[in-house]
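Notes follow once the structure below has been shown.
Please treat every number below as a calculation from the coordinates, not as lab data. The structure displayed is predicted, hence computed values, not measured ones. Every residue, glycine as well, gets a Cβ built from its backbone with ideal geometry; the counts of neighbours run over all protein chains shown.
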Amino acid sequence: MNDLKNISVTPAKWVAPKLLIAIFGITVGAAKKYRERGNWCEGIHYKRHPGNCRGWVYNREEIEKWLGEAAA
């Protein structure tokens, strides 16, 4: 007998760019445009990855708020 169970995982506050598409449907390219055009603020919506000075991490909670405001 197969005992499959559903597992729910809540992402951390700061997530990798590749998770944006799974969480919000936002591609890495779209995230880059939001950063460059000033839609997202550094330190609020995104910041440098602490272990990789060339990479970014994104604030899942703030992006969720931003999406809600954009839809209103």
Mind checking which lysines have their Cα closer than 22 Å to the Cα of Lys65? Skip sequence neighbours fewer than 8 apart in that chain.
Lys13, Lys18, Lys32, Lys33, Lys47
Go through (1) 1.18; (2) 1.45; (3) 1.09 and flag the label whose value is the computed Rg/Rh (Cα atoms, Kirkwood Rh) for this structure.
(3)
Quick one: Karplus J couplings for region 19-33, per residue in order, coefficients 6.51, -1.76, 1.60, θ = phi - 60°, nearest Hz, x for Gly and Pro?
7, 4, 5, 5, 7, 10, x, 9, 6, 4, x, 5, 4, 4, 5
Show the residues, 5+ positions off or on another chain, whose built amide H is closer than 5 Å to the amide H of Trp56.
His49
Radius 11 Å from Cβ of Glu62, net charge of other residues (Lys, Arg +1; Asp, Glu -1):
+1
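FRET efficiency for Ile7 and Arg48, Cβ-Cβ distance as r, R0 = 25 Å, nearest 0.05? Please list the in-between numbers first.
Details: r = 31 Å, r/R0 = 1.24.
Here the calculated transfer efficiency is 0.20.
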What's the local net charge at Gly29, with K and R +1, D and E -1, over the other residues with C-beta under 15 Å away?
+4
Relative contact order as a percentage, the chain, C-alpha pairs under 8 Å and 6+ apart, gives 31
So for the pair Glu69, Lys32, with labels modelled 7 Å out along Cα→Cβ, what separation do we get in nm?
2.5
